[in-house]
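Contents: one structure, followed by commentary.
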Amino acid sequence: MSALEQNIEKLQGYLARFKETGIRNRVAGQDRGGNGGVFQTISPVDKSVICDVARGDASDVDAAAMAAAEAFPAWRDMPALKRKKILLRVADGIEARAEEIALCECWDTGQTLRFMSKAALRGAENFRYFADQVVQARDGQHLQSPTLMNITTRGPIGPVGVITPWNTPFMLSTWKIAPALAAGCTVVHKPAEDSPLSARLLVEIAEEAGLPPGVLNTVNGYGHDAGKRLTEHPAIKAIAFVGESRTGSMITKQGADTLKRMHLELGGKNPVIVFDDADLDRALDAVIFMIYSINGERCTSSSRLLVQDTIREEFEAKLVERVNNIKVGHPLDPATEIGPLVTEEHYNKVTSYFDIAKEDGATIAAGGVKVGDEGFFIRPTLFTNASNKMRIAQEEIFGPVLTSIAFTTEVEALEMANDTQYGLTGYVWTNDLTRALRFTNKLEAGMIWVNSENVRHLPTPFGGVKASGIGRDGGDWSFEFYMEQKHIGFATGQHKIMRLGA
Ligand code: NAD
């Protein structure tokens, strides 16, 4: 049996229970149908129905928010070491079921096993990393003044909502849920309607690890009803959101009446700038990796290549050769590099840019075609002869599609890099240290890598500027979001108090 056949057989085993019972919501440690009925989740590999999913509506979100509110005091007050142990057991549980998570995620989203097997393990790492900080998360400062001993302390903000997208959904949800739980918050998770499988696995693993009922609740459903209610619910104190910029703007409005704290991780149209003095072989590898890995459905993807005109021809020629060599195929085949796009709607959106590129006068140098009609497969695509004003350079396509634009001077490269509504990541390739310092100083992005692809280090801040988001995750920044600072001042003597009406 080939590796692909073996993986398909294992997947069938994992899916059997979902096919039988569908995916139910999980509220206060109990399975719960959706008051909105059911919807179906479809595999982008062959358009088959995977299973029914309970469609939560506002009343289901109300029940989950109430469960999270009831579970909050006990979870907040649980001794830190006990909470830490539970979170470490969640990490162990994820590792133990990493294969199941990865196979289900691939089938649900079209992501390839080569990347999802790592993403599942990264989910465990997220839990382990934040579990290790539980004990000191509430520590504060001592700020002495002449008349007062001031201390600060931090406490969890309360029940929070976590709303996640369909790209690498398991890893992304742990990136939010792990620090929220470590901070002492309880959570209502609304996963993306297009990728509900792995969210169900996460809540099961968490409860098996000893997470008390109601501490993590999962309500499936659509953004416009379940998601909307979560952002409006008065018991929910903050929303951690990952998704599109226009959705981020919508939920900010929805949360206004209840003064919700919002953390928004949104879209990007990230530039990779390659100067002619760079190590061009490494730059080529990184450029290809950062747009064609994870099906290009990656917020940090470098979807705009700004390449110096002195090397453009040679660099693009090498790029075309490599892009044409990328293996598109079944996501469970270990050799596959790109799988199908997540949904028909997304496939239609991404492929519409093939015509838009032509209309705008760019050249399709590689790809630009659909692959078969069994699933939502396309060839990885490269647009050349583009300008930064074109739609293919300004809009987030969110697929394996790269737009290459030539520049002459450093000033011009910087202008183009910043000429976008987004500001999530930037990648700079040069061996001139002074230029790298100068350039990164002016580049409008929340995260920049010099002579490197995106390599995450969990203690570093993750987030974007401009339309790419508000707020940061990672290290203590995550705790700042899920916790409230409190100041307490103790008088150290009989300082003079101003007497009015005396
Ligand atoms: P999306 O905005 O369509 O949906 C994200 C989530 O929001 C889903 O769960 C959806 O149901 C929910 N939602 C939609 N409307 C809502 C509403 N009115 N109220 C409450 N919830 C609502 O995004 P998507 O298409 O699932 O994901 C792709 C996007 O996510 C891309 O733009 C990508 O760049 C972005 N993303 C950003 C990051 C980051 O860290 N910056 C990471 C991954 C993905």
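A short reminder: the numbers here are calculations on the coordinates, not readings from a lab. Just so it is clear, the structure is predicted and the values come from calculations on it, not from any experiment. Don't worry about glycine lacking a Cβ; one is built from the backbone with ideal geometry, like all the others, and counts go over all protein chains shown.
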Open item on the list: With both bridge residues required to lie in the chain, what share of the DSSP beta bridges run antiparallel, to the nearest 5%?
Closed with: 45
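Determine the sum of side-chain charges near Ala64: Lys and Arg each +1, Asp and Glu each -1, restricted to other residues whose C-beta is under 12 angstrom from that of Ala64.
0
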Open item on the list: Distance between the C-alpha centers of region 261-284 and region 191-209? Whole Å please.
Closed with: 31
Open item on the list: What distance in nm separates the two pseudo spin-label positions at Ser2 and Ala256, each 7 Å out from Cα along the beta-carbon direction?
Closed with: 5.5
Open item on the list: Normalised by the empirical 2.2 N^0.38 Å for globular proteins, what value does the Cα Rg of region 223-322 take?
Closed with: 1.56
Open item on the list: Taking the Kirkwood radius as the inverse of the mean 1/r across Cα pairs, report the Rg/Rh of region 397-453.
Closed with: 0.95
TODO: Measure out, as a whole number of angstrom, how far apart the alpha-carbon centroids of region 62-128 and region 392-438 sit.
DONE: 35
Open item on the list: As an exercise, identify the trypsin sites (Lys or Arg not before Pro) in region 338-389 lying in DSSP coil whose Cβ has no more than 16 other Cβ atoms within 10 Å.
Closed with: Lys389
- [ ] Could you please report the charge total around Gly423, scoring K, R as +1 and D, E as -1 over all other residues with beta-carbon less than 10 angstrom from its beta-carbon?
- [x] +1
Task: Those lysines that a straight Cα-Cα span of less than 27 Å connects to Lys85, excepting residues fewer than 8 apart in one chain - done: Lys118, Lys176, Lys190, Lys237, Lys486
TODO: In Å³ and rounded to a whole number, note down the convex hull volume per residue for the Cα atoms of region 1-109.
DONE: 118
Open item on the list: Rounded to the nearest 20 debye, what is the charge dipole size of region 271-450 about its Cα centre when +1 sits on each Lys and Arg Cβ and -1 on each Asp and Glu Cβ?
Closed with: 160
Task: Val38 paired with His495, simple spin-label distance in nm, labels 7 Å along Cα-to-beta-carbon - done: 6.5
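What is the sum of charges, Lys and Arg at +1 and Asp and Glu at -1, for the other residues whose Cβ falls under 12 Å from the Cβ of Ser301?
0
Count the DSSP beta bridges whose two residues both fall in region 271-450, then state the antiparallel fraction as a percent rounded to the nearest 5.
20
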Task: From phi via Karplus (6.51, -1.76, 1.60), per-residue ³J(HN,Hα) for region 163-180 in Hz, x at Gly/Pro - done: 10, 10, x, 9, 8, 6, x, 5, 4, 4, 5, 5, 5, 9, 5, 4, x, 4
- [ ] Calculate one ³J(HN,Hα) per residue across region 375-391 by plugging θ = phi - 60° into the Karplus curve 6.51 cos²θ - 1.76 cosθ + 1.60, and present them in order as whole Hz with x for glycine and proline.
- [x] x, 9, 9, 9, 7, x, 10, 10, 9, 10, 6, 9, 10, 6, 7, 5, 4
TODO: Measure off 7 Å from each Cα along the Cα-to-Cβ vector at Arg17 and Arg246, then give the distance between these two points in nanometres to one decimal.
DONE: 3.9
Open item on the list: Would you report the distance distribution of C-alpha pairs in the chain as whole percents per 20 angstrom bin, up to the bin with the largest distance?
Closed with: 23, 52, 22, 3, 0
Task: Compactness of region 271-450, expressed as Rg and Dmax over alpha-carbon positions, Å - done: 15.7, 51
TODO: May I ask you to list the aspartates and glutamates whose Cα is less than 18 Å away from that of Lys442, ignoring any residue fewer than eight positions away on the same chain?
DONE: Glu410, Glu412, Glu415, Asp419, Asp432
TODO: Sort Trp107, Trp166 so the one with the fewest other Cβ atoms within 10 Å of its own Cβ comes first.
DONE: Trp166, Trp107
TODO: Per DSSP H run of at least 4 residues, take -39500 (n - 2.57); add these up for the chain, divide by its residues and hand me the 222 nm value, nearest 500 deg cm²/dmol.
DONE: -13000 deg cm²/dmol
TODO: Starting from the eigenvalues of the Cα gyration tensor, five times each then square-rooted, give me the equivalent ellipsoid semi-axes of region 384-502, largest first, whole Å.
DONE: 45, 17, 16
